[in-house]
Amino acid sequence: MRLFRSILIFCIAYLIGCPLLLFGADRFVPNKPGMKSLKVRFNGETIKSFYTVIDARSPKQRAADKKRGHLAGDVVVFFQGHGQRPTDAYKFTSKVALKSKSGIVIIPVSDTPYGEDKDWRGDRGKDVILMEVVRHLLSEKGICIDGYRPVSDMPVYVNDKDMLKSMPPEGIHTRLLAVGWSHGGILARRFAHAYPDATPCLAHVCPAGYAQRGALRLVLGFGCESIHTSTLSLKGYAGDVFKAGWGITRGVTGDFIRAVPSAAIHLQPSKLCRPFRDIKECTLYCDDTNLPVHDIDNLVVIFGDRDSCMDVRKQAGISDPHEPSEVEVERFWSGFYPSAVSNRARLTFKVLPGMHLAPVIYSDIYSSAVLEGLGQLGN
């Protein structure tokens, strides 16, 4: 009778969409994530930013954070793959929130900036916009970011709030962990480079940025990987495959549709090229010559052993994904992160199972590996 009652209670709770309880009885995340939007004004234009905030802390943990004056760990900022919406990859991001010391993950995305000053278009504009969105969202929780310094003196308004003039709240302090997937790997490195004092840790999963190739080769490679990934539908992952494909479609199409009125209002037809600029940004080759991360404390890079789009053999020079040699791994670090090596950052290189969608399919493995490498895996 007791067993039957327990099963009945669980089923009722699940059906009404109550939070999914994990991490003992302390932490929880919703079964389905919510996505909201913000209006951002920067560089002479107004664009849309979308976000999801996963705060898995219990009331007891929130009270402890407030009393202590800082979070139990650093806030994770997760940068999505190309075109993905904040709610995509929720299997991964929710587990990161549940397992991390802080219990908080923020997933901000932005339409492609294409404002007046050409130097602040594309991903460089996102460096500013995404940070100000994160600051805005954390300030609503009474949390300020230690080490934050603006990288542009141009005003940034988030929902009409002047972010450069807004005073940080007195109360709870944190720093940020930049974690990026696919194109988000480039965004995460840019973020850590732009805000070094605020972002002491960086992690990449199935990341872009390690190969020198043009947009056409990237698109063809992604197309081949999409066909490759579609085979997961036959293994019980049809929902995950569909969500990933639909997320990219929504993201790219939405960016283009919202570019049309912006191009008309500003009499700037080139704004219609925003989605193509975003694709080009995915091809950026990142090393210490353009995006050094001198002061990083913990650095994690994880590839999927069957990811044909971000192939660990071609991008990291690993001949056997299942047994990377010490020489190959050392060559990877010295080639892409020489300053981090010389400054004795804690380095973690792994090749884990899976294709490009691996962080979602193997969310337990990838979330634990990322947090352990960053020194942010909770008890």
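Here, each number is a calculation from the coordinates, and none is a lab measurement. Everything numeric here is computed off the predicted structure, so don't read it as measured data. As a convention, Cβ positions derive from the backbone with ideal geometry for all residues, glycine included, and neighbour counts pool all protein chains shown.
Cβ crowding within 10 Å, taken as a proxy for footprinting-reagent exposure, orders His193, His356, His173 from fewest neighbours to most as His173, His193, His356. Considering only alpha-carbon pairs that sit under 8 angstrom and 6 or more positions apart, the relative contact order computed for segment 53-130 is 34 percent. Counting only residues at least eight positions apart within a chain, or on another chain, the aspartates and glutamates with an alpha carbon under 19 Å from that of Lys118 are Glu45, Asp127, Asp153, Asp255, Asp278, Glu281. Ranked by the mean number of other Cβ atoms within 10 Å per residue, highest first, peptides 281-293, 141-153 order as 281-293, 141-153. Amide H contacts under 5 Å for Ile172: Cys144, restricted to partners 5 or more places along the chain or on a different chain, H placed in the peptide plane at 1.01 Å from N. Taking Cα centroids, how far is segment 38-97 from segment 282-333 in Å? Value for the Cα centre distance between the two parts: 26 Å. Taking 14 Å as the straight-line reach from the Cα of Lys280, the aspartates and glutamates in range (excluding those fewer than 8 positions away in the same chain) are Asp123. What is the calculated FRET efficiency for Arg346 to Ala63, with r their C-beta to C-beta distance and R₀ = 41 Å, to the nearest 0.05? The pair Arg346/Ala63 has a calculated efficiency of 0.85. Put in order of Cβ neighbour count within 10 Å, fewest first, the listed residues Glu326, Glu116 become Glu326, Glu116. Coupling constants for segment 268-284 follow from the phi torsions by the Karplus curve (6.51 cos²θ - 1.76 cosθ + 1.60, θ = phi - 60°), and in residue order they are 10, x, 5, 4, 5, 8, 3, x, 6, 4, 5, 5, 4, 4, 5, 8, 4 Hz; glycine and proline get x.
Partner lysines whose Cα lies under 16 Å from the Cα of Lys67, excluding those fewer than 8 positions away in the same chain, are identified as Lys141. Say the cut-off is 21 Å between C-alpha atoms; which of Lys39/Lys99; Lys39/Lys161; Lys39/Lys95; Lys32/Lys99; Lys66/Lys95; Lys66/Lys161 go over it? Those over the limit are Lys39/Lys99; Lys39/Lys95; Lys66/Lys95; Lys66/Lys161.
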